[in-house]
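Okay, so here's the structure we're looking at.
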């Protein structure tokens with residue numbers, strides 16, 4: 001029994017050293033694990049990805065975004081057009097109850113257009129998201145390198161379900 005407090009203390013220390021999941025919430029919308037793609041050389045653009053969920057009974061929509069590191073932070077999706085993958089702006093990103101909306105390479109994403117600085121792994125990108133119902137929140141998206149991202153410009157397909165757009 002004397003070892004029980006020591007074991008509990010060790011568990012608490014180990015649990016505290018585990019990396020925390022990156023989560024933010026505004027209203028009923030939860031933003032999971034946002035991240036920005038590192039820029040390549042002097043490329044003028046990059047992208048931000050995340051997963052959005054709502055705990056509400058009604059859907060919500062991501063309707064705008066902005067960041068001080070870029071001239072524009074636009075909502076985009078990858079679409080196939082005549083066998084060619086193309087990025088297209090979208091008016092909003094639907095967030096339906098019970099179904100996570102994934103912004104990922106090869107699908108929905110927030111395009112950072114006209115970067116004002118280079119984005120390097122370990123940096124962080126401030127990003128303001130505006131939801132139709134939940135309101136506005138500013139989050140920090142850690143910058144990650146290109147390792148493990150396939151496809152042209154880091155926007156390669158990742159498989160899985162198709163995200164919802166409107």
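All of the numbers you see were taken from the coordinates with simple rules; none came from a lab. Keep in mind it's a predicted model, so treat the numbers as computed, not measured. Because the Cβ atoms are built from the backbone with ideal geometry, glycine has one as well, and the counts that use them run over all protein chains shown.
Just a few scattered comments:
- Relative contact order for region 21-154, counting Cα pairs under 8 Å that sit 6 or more residues apart, in percent: 32 percent
- Packing-based ranking, highest mean first, of 97-106, 84-93 given that Cβ atoms within 10 Å are counted: 97-106, 84-93
- DSSP finds beta bridges in region 21-154, and of those with both partners inside it, around 95 percent are antiparallel.
- In nm, spacing of pseudo-spin labels at residue 42 and residue 117 (7 Å Cα→C-beta vector): 1.9 nm
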